[in-house]
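Visitor: Sharing a structure, written as structure tokens. Questions coming.
The values are calculated or read from the model by the stated rules, or taken from the named source; none is laboratory data. None of the values given here were measured: they were computed from a predicted structure. For neighbour counting, all protein chains shown are included, and Cβ atoms are generated from backbone atoms with ideal geometry for every residue, glycine included. For accessibility, only protein heavy atoms count, side chains too; no ligands or nucleic acids. Shrake-Rupley method; radii C 1.70, N 1.55, O 1.52, S 1.80 Å.
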Amino acid sequence: MLEFLVLIVALLAASGALGVIRALDPRRPLLVYGIALVLCLGGLAVVLGHRVMGAPVLRLVLPLGLPWVGVHLRLDALAGFFLLVINLVGALVSLFALGYGRHASEPGRVLPFYGPFLAAMQLVCLADDAFSFLFAWELMSLVSFFLVLVEHEKESSHQAARVYLLMAAGGTFSLLLAMGVLAGADGGYSFDAIRGQERAEATVVSVFLLALIGAGSKAGLIPVHAWLPLAHPAAPSHVSALMSGVMTKVAIYGFVRLVFDLLGGVALGPSVIVLILGGISAVLGVLYALMEHDLKRLLAYHTVENIGIITAALGLALAFAAAGFDLLAALALTAGLFHVLNHALFKSLLFCGAGAVLHATGTRDMERLGGLLRRMPTTGISFLLGCAAISALPPLNGFVSEWLLFQAILQSPILVSLPIVLVVPAVGALLALAAALAAACFVKAYGVVFLSRPRSAEAAAAREVDPFSRAAMLAFAGLCLLLGVIPGLIVDALAPVGELLLTAHLPSQLGNPWLSLQPLPTSASSYNGLVLLSFLLIAGGLTAVVLHRFGGAGLRLGPIWDCGYPDPAPSTQYTATSFAQPIRRVFGTVLFRARETVTMPPPLATAAARLEVRLEDPIWERLYVPVARAVLAAADRLNPLQFQTIRRYLVLVFLSLVGLLVLAAARS
Amino acid sequence: MRLLLDLLAQGLQMTLVLAAAPLLVGWTRKLRARLLRRRGPDLVQPYRDLVRLLRKEPVIAHSASPYFRVAPYLVFASTWIAAALVPTYATGLMFHWATDLIAIVAFLGFARFALGLAGMDVGTAFGGIGSSREVMIASLAEPAMLLVVFTLALLAGSTQLSAIAEFLVREPVGLRVSLGLALVALLMVAIAENARIPVDNPTTHLELTMVHEAMVLEYSGRHLALIEAASALKLTAYFSLVACLFFPFGMVTSTSSPLLYPLGILAWMAKIAVLGAVLAVFETAVAKLRVFRVPEFLGGAFVLGFLGTLLLFVSRAL
């Protein structure tokens with residue numbers, strides 16, 4: 001079974017070579033995406049089969065890699081769940097790309113990397129020793145770096161790729177150190193050897209911090225998120241969908257594997273850090289998104305928000321596990337991993353929708369869009385479902401995972417130690433705020449892009465995209481609805497993961513009457529999306545029938561009312577910037593130092609008045625710019641070292657050797 | 001037979017909130033008018049308005065998308081369901097387990113999301129200003145509301161509304177600081193969410209002061225009727241929520257006989273009538289806030305809710 005999966009990964013990687021050949025024939029990239037689709041479906045079948053068998057731990061050692069280590073692979077419940085996410089989203093995105101990928105201006109820059117990207121992400125989840133894990137991780141970063149650079153003629157792509165490469169290298173370096181500390185002085189690099197070791201408290205904390213930085217920077221956790229809103233929008237839209245929807249989840253996998261599995265959990269103190277970072281990422285991510293009027297950048301910032309939600313759930317799970325409440329830890333872990341799948345689904349849907357909009361209109365600037373629901377109904381309807389799902393509205397899937405997380409938060413007074421009792425309610429409040437702000441942000445995004453009147457000629461002339469893309473988006477939307485209505489499917493599927501990592505799992509849900517969700521037998525809290533959806537359909541339908549039967553079904557089209565003074569110019573509508581103005585004023589004045597300057601023409605002049613909005617990125621200005629400045633200054637100071645005579649270099653080498661020997665002597 | 005009775009009881013609640021909602025609006029309007037020494041419209045005037053709107057032919061702008069016609073049904077249906085799932089006269093009705101307090105807050109959020117989008121649809125400055133301010137208010141009110149939910153859930157050990165109400169009836173909870181904070185926060189949220197003074201003015205059509213009314217400006221005929229009915233239902237839902245959570249006496253619990261239902265209904269109507277009267281007095285006593293003072297008002301609600309939650313995290317006895 002694992003052999004099949006390895007074969008699939010190898011074939012996916014090999015499909016890159018086919019991409020090189022096919023790219024010479026620019027009209028037919030279909031084959032590469034078709035193969036990726038079939039292989040991902042195959043991977044999905046294998047993973048589902050593995051789950052049906054009860055998710056046993058399967059191992060395989062390949063005679064590759066370092067001679068005395070080899071490549072250890074392992075398929076267990078945790079890897080299986082993330083492989084499910086990768087293959088499910090990968091298959092649907094490949095389906096989308098069957099249509100969308102045809103429009104790429106330079107397919108030769110996308111096709112060779114597409115298959116290897118999918119393969120590398122799967123390899124990260126399969127790896128069972130430090131070497132192959134880091135190799136796969138770095139492969140994933142490098143391949144996606146090339147995908148970010150696809151639109152190479154744009155200066156913004158260059159900057160994005162540069163920042164991305166730098167931060168990815170930093171992240172991998174941090175993970176490398178974490179693995180080194182984990183393996184210890186004896187250097188057992190297989191994960192089995194790592195799991196068995198006893199460690200001092202300081203070692204555990206340092207590995208935990210390194211893993212948090214390494215995986216967090218890949219996932220887009222604030223403050224190491226800076227590359228994400230640059231790089232994700234720069235890639236072609238189907239690749240953005242994979243990067244935002246899947247690659248950030250692989251980073252979450254890395255964190256879970258290292259901290260939950262290899263370290264076996266941490267104490268209460270470190271878990272508080274995870275909780276706080278999660279809460280802050282959630283709120284800041286959505287606030288950044290609200291200030292944005294580039295559709296793809298807006299979606300990228302929402303990835304930061306959702307990663308924050310997932311991280312907060314993981315932090316809560318760590319805290320419960322540290323205090324010995326395994327069932328509650330399983331509840332928080334289930335909420336977090338459920339959100340992993342949910343976010344993968346709706347974020348990929350939204351990026352595909354943004355790609356469709358980009359293809360139809362040639363722009364992702366929201367101020368030039370509008371009225372697309374009438375021109376692109378299928379895209380519009382699926383995008384609407386995605387918006388509702390990411391805004392955590394019932395009866396869709398995003399709500400279920402947030403509901404589970406809130407249930408976990410409400411159980412946390414049981415953790416009586418001091419910092420955490422104060423932190424958990426604060427994080428709960430932050431998550432509630434993030435959810436409400438996300439809904440506001442997607443009213444803005446959908447209202448400006450798909451509703452209202454077209455703001456440019458391109459938007460007015462938009463055409464619906466091809467059937468492949470539409471099928472993929474509808475499938476994503478359907479899955480969002482399905483998981484919202486029957487969440488028991490996923491909660492039950494996550495039971496072996498809880499069993500593996502925490503030796504506890506939630507009670508089986510699919511057996512509950514009416515398929516409702518009741519995670520904890522001790523509290524009566526329950527939720528049923530199925531009943532809610534049926535009520536909504538019945539009440540809405542009944543109202544429509546009754547009104548049309550007894551009130552008359554007539555309808556008249558007329559001019560816009562607008563209190564009697566309609567203006568036909570589309571520029572008189574609300575724009576994305578004006579829509580965000582109240583929230584910018586409430587939150588942005590302090591946080592982003594938002595300033596509005598109005599320049600009025602002199603009296604009697606007919607020139608236009610100007611309104612200018614200035615925002616500052618606080619994290620970039622206060623953290624990244626000083627660090628970059630410090631690095632540059634240090635480089636300037638060290639520069640003379642580069643131009644020395646051979647004698648001086650020999651002296652330097654000798655002194656370093658002596659220093660290291662002294663260090664070694666002092667340790668022993 | 002048991003199933004049929006249960007279905008009937010649930011259906012009764014659905015029709016009850018739908019039938020009573022316009023009356024509640026009429027009652028507050030009448031009282032407000034009397035407090036201002038006007039005679040005021042009849043108690044049943046909202047029903048007449050709804051019937052008249054239903055008969056009229058809706059006029060829709062050329063630039064409206066198909067969503068514009070679907071939105072009123074979505075808004076009405078979701079608000080109605082949310083109102084019908086808040087226990088009014090009895091706890092433990094047939095579908096009481098389908099939603100909990102968090103889901104009801106989120107479902108009301110769904111209605112707001114649907115309406116906010118509809119405000120953006122036609123593409124006018126009024127619709128935009130309404131939607132934009134409505135979501136700004138909601139983005140502060142909803143977290144405050146969730147913190148109130150947290151406070152109650154921590155106390156009762158469940159987010160299930162029926163379970164909370166029965167817990168509060170059964171246990172000697174007494175006067176608690178956290179409950180008091182939660183009540184004040186909930187009332188503030190209710191005022192903001194229902195677009196009442198001092199946050200918004202339901203009767204104004206002055207362009208710079210309206211929020212909710214600006215959003216629905218383009219609606220007419222049966223669509224407008226649905227939206228008006230939804231606002232009335234929302235007010236009823238919030239009042240039922242306050243009554244159910246803080247004044248649960250008189251409710252028929254799941255253990256007692258269905259013959260007590262009429263008493264339960266009378267108690268519920270009395271409770272929301274009193275709340276409506278309080279609202280009318282409050283509205284005549286204060287002036288409307290500037291839009292950018294509203295965040296301070298709601299920030300207050302947020303802080304109160306947070307304090308309530310925090311107190312319970314620190315000690316179950318507070």
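Visitor: Filter region B:283-294 down to residues that are loosely packed, with under 15 Cβ neighbours inside 10 Å and out of contact with any Lys or Arg (no Cβ under 8 Å at 6 or more places or on another chain) and give me whichever is farthest from B:M210 (Cα to Cα).
Guide: B:A285
Visitor: If you scan region B:60-93, which residues turn out to be at the interface with chain A (Cβ under 9 Å from one of its Cβ atoms) and of a type in the set (S, T, Y)?
Guide: Of everything in region B:60-93, those that are at the interface with chain A (Cβ under 9 Å from one of its Cβ atoms) and of a type in the set (S, T, Y) turn out to be B:S63, B:S65, B:Y67, B:Y73, B:S78.
Visitor: Still on this structure, I have one more. Would you check which residues across region A:208-233 are over 14 Å from A:I307 (Cα atoms) and either outside any helix (DSSP H, G or I) or open to solvent by less than 10 Å² (accessible area, probe 1.4 Å) (or both) and list them?
Guide: A:F208, A:A211, A:G214, A:W227, A:A231, A:H232, A:P233
Visitor: Is there any pair linking a residue in region A:562-589 that is within 7 Å of chain B (Cβ to nearest Cβ) to one that is surrounded by 23 or more Cβ atoms within 10 Å (Cβ to Cβ) and among the acidic types (D, E), with Cβ under 8 Å and at least six apart or on different chains, and which?
Guide: A:D562/B:E218
Visitor: OK, next. Being within 23 Å of the chain's Cα centre (by Cα), among the hydrophobic types (A, V, I, L, M, F, W, C) and more than 8 Å from chain B (Cβ to nearest Cβ) is the filter here, so list the residues in region A:388-426 that pass it.
Guide: A:A389, A:I390, A:L396, A:V400, A:L404, A:L405, A:A408
Visitor: While we're here: Checking B:G250 against (1) within 19 Å of B:L183 (Cβ to Cβ); (2) out of contact with any helix residue (DSSP H, G or I) (no Cβ under 9 Å at 6 or more places or on another chain): exactly one of these is not met. Which one?
Guide: (2)
Visitor: Sticking with this structure for a sec: Residues that are open to solvent by less than 10 Å² (accessible area, probe 1.4 Å) and more than 14 Å from chain B (Cβ to nearest Cβ): find the helices (runs of 4 or more DSSP H) completely inside region A:264-383 holding 2 or more of those. Before the answer, list the steps.
Guide: Working: elements: A:268-290, A:295-323, A:326-361, A:372-375.
The qualifying helices (runs of 4 or more DSSP H) are A:268-290, A:295-323, A:326-361.
Visitor: Would you please list the contacts, defined by Cβ atoms under 8 Å and residues six or more apart or on different chains, that run from a residue in region B:23-34 that is more than 15 Å from B:V286 (Cα to Cα) to a residue that is aromatic (F, W, Y) and surrounded by fewer than 21 Cβ atoms within 10 Å (Cβ to Cβ)?
Guide: Pairs found: B:L23/B:Y47; B:G26/B:Y47.
Visitor: If you scan region A:466-511, which residues turn out to be more than 23 Å from A:S526 (Cα to Cα) and without any contact (Cβ under 8 Å) to a residue 12 or more places away in the chain?
Guide: Residues of region A:466-511 that are more than 23 Å from A:S526 (Cα to Cα), as a first pass: A:466-478, A:500-503.
Answer for region A:466-511, where residues must be more than 23 Å from A:S526 (Cα to Cα) and without any contact (Cβ under 8 Å) to a residue 12 or more places away in the chain: just A:G478.
Visitor: Take B:A214 and decide whether it is crowded, with 23+ Cβ neighbours inside 10 Å and in contact with a Pro (Cβ under 9 Å, 6 or more places away or on another chain). Spell out the reasoning first.
Guide: Working: crowded, with 23+ Cβ neighbours inside 10 Å: yes; in contact with a Pro (Cβ under 9 Å, 6 or more places away or on another chain): no.
Answer is no for this residue.
Visitor: Given (1) facing chain B (nearest Cβ under 9 Å); (2) assigned to a helix (DSSP H, G or I); (3) over 27 Å from A:M53 (Cα atoms); (4) open to solvent by 10 Å² or more (accessible area, probe 1.4 Å), identify the lone condition not met by A:W514.
Guide: Tallying (1) facing chain B (nearest Cβ under 9 Å); (2) assigned to a helix (DSSP H, G or I); (3) over 27 Å from A:M53 (Cα atoms); (4) open to solvent by 10 Å² or more (accessible area, probe 1.4 Å), A:W514 fails exactly one: (3).
Visitor: When both residues are 6+ apart or on different chains and their Cβ atoms are under 8 Å apart, which pairs have a first residue that lies in region A:429-447 and is within 7 Å of another protein chain (Cβ to nearest Cβ), and a second that is among the charged types (D, E, K, R) and buried (at least 24 other Cβ atoms within 10 Å of the Cβ)?
Guide: A:A432/B:E142; A:A436/B:E142; A:A439/B:R112; A:A439/B:E142; A:G447/B:D121
Visitor: Does B:G127 satisfy being in contact with a helix residue (DSSP H, G or I) (Cβ under 7 Å, 6 or more places away or on another chain), more than 7 Å from chain A (Cβ to nearest Cβ), small (G, A, S) and open to solvent by 10 Å² or more (accessible area, probe 1.4 Å)? Give the steps one after another, and end with the answer.
Guide: Details: in contact with a helix residue (DSSP H, G or I) (Cβ under 7 Å, 6 or more places away or on another chain): yes; more than 7 Å from chain A (Cβ to nearest Cβ): yes; small (G, A, S): yes; open to solvent by 10 Å² or more (accessible area, probe 1.4 Å): no.
The answer is no for B:G127.
Visitor: Another question, if that's okay. So A:F476 ticks every box in (1) surrounded by 21 or more Cβ atoms within 10 Å (Cβ to Cβ); (2) assigned to a helix (DSSP H, G or I); (3) modelled with pLDDT under 95; (4) not polar (S, T, N, Q) but one. Which box is left unticked?
Guide: Tallying (1) surrounded by 21 or more Cβ atoms within 10 Å (Cβ to Cβ); (2) assigned to a helix (DSSP H, G or I); (3) modelled with pLDDT under 95; (4) not polar (S, T, N, Q), A:F476 fails exactly one: (3).
Visitor: In addition: Would you pick out the residues in region B:95-123 that are closer than 19 Å to A:G447 by Cα, open to solvent by 10 Å² or more (accessible area, probe 1.4 Å) and facing chain A (nearest Cβ under 7 Å)?
Guide: Listed by number, the residues that qualify are B:F110, B:F113.
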